[in-house]
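J.: Okay, here's the structure, questions in a sec.
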Amino acid sequence: MLQQVNALVTVNRPLAGDYWLIELEAPSIARQLSPGQFVNIRIPGLVPFLRRPFSVYRVNQERTRLQVAYKMLGEGTRLMTTAFSEGGFCDVIGPLGKGFSLPEQAKRIAVIGRGIGIAALPTLVDLAATRNIDVHGFLSARTPPNLIGADIFADHGFPVETHVDGDRNVELVTDLLQAQISRTSFDAIYVCGSNRLTRAAHRLAQQAGILSEVAMEQHMACGFGDCHGCVIAVNTDRESTEKAWREVCHHGPVFQTWEIINASA
Ligand SMILES: Cc1cc2nc3c(=O)[nH]c(=O)nc-3n(C[C@H](O)[C@H](O)[C@H](O)COP(=O)(O)OP(=O)(O)OC[C@H]3O[C@@H](n4cnc5c(N)ncnc54)[C@H](O)[C@@H]3O)c2cc1C
Ligand code: FES
């Protein structure tokens, strides 16, 4: 059930590269949250007042605290660095939206993230680890400091391959997955943070005949399906013949890639 909490801020500090990390004491949200769901944060001083949506980056083992990794982008995220001091409070709503599905029979999955889109993936990696599912990570960013999350894969003993813009070995991090797929079988592919990587992940999943899901980002207002401010066009069939409008906050943010690919063309 949706919770609105005035959560204690336990951490708010630079994380790496362009990113900051905020940690909130919010057990009623952390306990219920499943991978891929998000929270909506009220930022004091932001005008006009609209909450900002964020993926949950980590949940602690006791499921009492949640972390958000955020990129300073505009006024709201810039204000977050100063408006939330450790020991202060943060008004947060969650868990929101529909998260990733992890098939019961899955043995190995591929997880692809780019930039701050990587932040949607570690909770999925943690869940897969508890179910003894092997995870292979493929992370990409503009610069090396923005390659967050590789340590999370390593802590579980999962392999992770990385790629930064300008690397000459391959063009996209999904080229590394393509090479892996010729040697190893995967049961599902998950992606966040790049339309280009989503298209590549979709193509690889189609070829392998496996599930592929994408966590979408979209401008949002209410965050729970009331204002229709976050609609996108989706395919309602795999052949992309019929389209429909869907609220990302309510029907997503996680969609199957076939719902998204070529839907707005
Ligand atoms: C489900 C979901 C999960 C998200 N998870 C994270 C996360 O874990 N970490 C993180 O840093 N960000 C995440 N975002 C994006 C985050 O919500 C925006 O970066 C934030 O709202 C920007 O607020 P702002 O006031 O700083 O920028 P604004 O002043 O609102 O915008 C600054 C610039 O960024 C663009 N922009 C703003 N929001 C978005 C968006 N959602 N998609 C594309 N462009 C946008 C604007 O058009 C403008 O050009 C997520 C978004 C969604 C919908
Ligand atoms: S943000 Fe209001 S319907 Fe999605």
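The values are calculated or read from the model by the stated rules, or taken from the named source; none is laboratory data. Bear in mind that the values here come from a model prediction, so they are computed numbers and not experimental data. Positions of Cβ are generated from backbone atoms using ideal geometry, with glycine treated the same way; all protein chains shown enter the neighbour counts. Quick note on the areas: whole protein, heavy atoms, side chains included, nothing else; ligands and nucleic acids left out. Shrake-Rupley method; radii C 1.70, N 1.55, O 1.52, S 1.80 Å.
J.: I'm trying to understand the selection: among the residues of the stretch 47-82, which are of a type in the set (A, V, I, L, M) and open to solvent by less than 40 Å² (accessible area, probe 1.4 Å)?
T.: Kept after step one, since they are of a type in the set (A, V, I, L, M), are these residues of the stretch 47-82: 47, 50, 56, 59, 66, 68-69, 72-73, 79-80.
Result: 56, 59, 66, 68, 69, 80.
J.: What number of residues within the stretch 119-164 satisfy the criterion of being β-branched (Val, Ile, Thr) and touching a Ser or Thr at 6+ places or on another chain (Cβ under 9 Å)?
T.: Of all residues in the stretch 119-164, those β-branched (Val, Ile, Thr) come to 123, 125, 130, 133, 135, 143, 148, 152, 160, 162, 164.
Still in the running and touching a Ser or Thr at 6+ places or on another chain (Cβ under 9 Å): 123, 162, 164.
Counting residues in the stretch 119-164 that are β-branched (Val, Ile, Thr) and touching a Ser or Thr at 6+ places or on another chain (Cβ under 9 Å) gives 3.
J.: How about the stretch 162-265: which helices (runs of 4 or more DSSP H) wholly inside it have at least 2 residues that are more than 16 Å from ligand 1 (Cβ to nearest atom), charged (D, E, K, R) and touching a strand residue (DSSP E or B) at 6+ places or on another chain (Cβ under 9 Å)?
T.: Working: elements: 173-181, 195-208, 248-251, 257-260.
So the answer is none; nothing clears 2.
J.: While we're here: Quick check on my filter: what residues within the stretch 29-52 are on the phi > 0 side of the Ramachandran plot and in contact with a Leu (Cβ under 6 Å, 6 or more places away or on another chain)? So that I can check it myself, show each step before the final result.
T.: Going residue by residue through the stretch 29-52, those that are on the phi > 0 side of the Ramachandran plot are 36, 45.
Of everything in the stretch 29-52, just one residue is on the phi > 0 side of the Ramachandran plot and in contact with a Leu (Cβ under 6 Å, 6 or more places away or on another chain), namely 45.
J.: Can you tell me how many residues within the stretch 9-32 are open to solvent by 30 Å² or more (accessible area, probe 1.4 Å), in contact with a Pro (Cβ under 9 Å, 6 or more places away or on another chain) and among the aliphatic types (A, V, I, L, M)?
T.: Adding up the residues that qualify gives 1.
J.: Could you figure out which of (1) open to solvent by 40 Å² or more (accessible area, probe 1.4 Å); (2) within 16 Å of ligand 2 (Cβ to nearest atom); (3) more than 19 Å from residue 112 (Cα to Cα) isn't true of residue 232?
T.: Result: residue 232 passes all but (1).
J.: Consider the stretch 115-161. How many of its residues are assigned to a helix (DSSP H, G or I) and either of a type outside the set (Ser, Thr, Tyr) or over 18 Å from the mean Cα position of the chain (by Cα) (or both)? Before you say what the answer is, go through the steps one by one.
T.: If we filter the stretch 115-161 for residues that are assigned to a helix (DSSP H, G or I), which is where we start, we get 115-120, 122-130, 144-146, 150-155.
Narrowing the set further to residues that are either of a type outside the set (Ser, Thr, Tyr) or over 18 Å from the mean Cα position of the chain (by Cα) (or both) leaves 115-120, 122, 124-130, 144-146, 150-155.
Result for the stretch 115-161: 23.
Here is a yes/no grid of residues against (1) touching a residue at least 24 places away in the same chain (Cβ under 8 Å); (2) touching a Gly at 6+ places or on another chain (Cβ under 6 Å); (3) not assigned by the TED database to the domain that holds residue 221:
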| site | (1), (2), (3) |
| --- | --- |
| 77 | yes, no, yes |
| 81 | yes, no, yes |
| 111 | yes, yes, yes |
| 118 | yes, yes, yes |
| 122 | yes, yes, yes |
| 138 | yes, no, yes |
| 153 | yes, yes, yes |
| 171 | no, no, yes |
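J.: Of the conditions (1) part of a loop (DSSP other than H, G, I, E, B); (2) within 16 Å of ligand 2 (Cβ to nearest atom); (3) under 20 Å from residue 217 (Cβ atoms), residue 40 fails just one. Which one is it?
T.: Just one mismatch for residue 40, condition (1).
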